[in-house]
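Okay, structure first, notes after.
Read-outs throughout are calculated quantities, based only on the coordinates presented, and are distinct from any laboratory measurement. Because the structure is a prediction, the values reported are computed rather than measured. Glycine gets a Cβ as well: all are built from the backbone with ideal geometry, and neighbour counts include every protein chain shown.
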Amino acid sequence: MAAISSQIILHPTVSQSLKFGGTTLGRDKAYRAIQYFARFYAWFLLSKGDKESAARWNALKTHLTTARKLLRLGKPLEHLQAALKAALVSGPAGEQITTIGRQISYFGYLSFDALVWSNAIKFYSLSSETSTKVSKLANRFWLAGILLSIVNGTLKSVRLAKEERKLKHSKTAWGAEKDAGQDAQQEMRLSTILASRNATRHQLVIDLLDVWIPATNLGISNMNDGVLGICGLITSLIAGQQHWQSVNGKK
């Protein structure tokens, strides 16, 4: 019995899960996945007329939403630092501008979201009208950040595709005249481009699904909670998988 327990408790997957959950980002992605599943499932139960069960899942969604706001309290400064770093690094103008704009937008979103959290836990009470305005401002910054991220990802994808074609063309042109050192250098460069392109595509998929959440909150689109729940669940799983591979040293 002890041997079986040891095999379960000390299993590599358990160790990897603990490492994943030991990071703030890992916990946030796990909570987010459950939060959006709860949003979808509550909608599904309501569509079936099961109001009692739906209320339980809605309560879970609400509490996880509040918990995630607490986890994000320090992130506005991270985005402000990222904006400053992007401004100090030279690069393609379009990508640089959209990166700075995205980081500033997320700074605004998370700053106003912190006010929403403080009001939700009754630490700092806002009037109903002010609370609505703050929530709308947070969603506007969130939407702006995602839209800028989509533009940035599109520009970056186009640039990386051009660089990939150019590199492959140069490999063909050099042919047998290229030495082993040049070949290894070009292979490394190509590998870097492909990795960056895949990461950019993953982020584009996440942004194209997530954009409907603040858009619906602002009344720009009219998605139901079932669709938004599925979108949020998918993007949480994609981001969670990327972080899992990062913390566990996998590619």
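Results, tabulated for the structure shown:
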item	result
Helix-only [θ]222 nm of the chain, DSSP H runs n ≥ 4, -39500 (n - 2.57) each, per residue, nearest 500	-29500 deg cm²/dmol
Residue with peak Gaussian network fluctuation, the chain [Cα springs, cutoff 10 Å], from 200, 24, 98	24
Mean Cβ neighbour count within 10 Å, used as a protection proxy, ranking 218-229, 33-44 highest first	33-44, 218-229
For peptides 101-113, 60-72, sequence by mean Cβ density within 10 Å, most packed first	101-113, 60-72
From the coordinates shown, volume of the Cα convex hull per residue in Å³ corresponds to which of (i) 122; (ii) 135; (iii) 203	(iii)
Calculated FRET value between residue 157 and residue 189, using beta carbons and R₀ = 22 Å, to 0.05	0.80
Entries in 19/69; 29/85; 48/136; 19/51; 19/133 that, when Cα-Cα distance is taken, lie over 29 Å	48/136; 19/51; 19/133
Alpha-carbon centroid distance for the pair segment 209-237 / segment 84-136, whole angstrom	19
Burial ranking of peptide ranges 78-85, 140-147 (average Cβ count within 10 Å, highest at the top)	140-147, 78-85
On Cα atoms only, tilt of 180-210 relative to the major axis of the chain in degrees	20
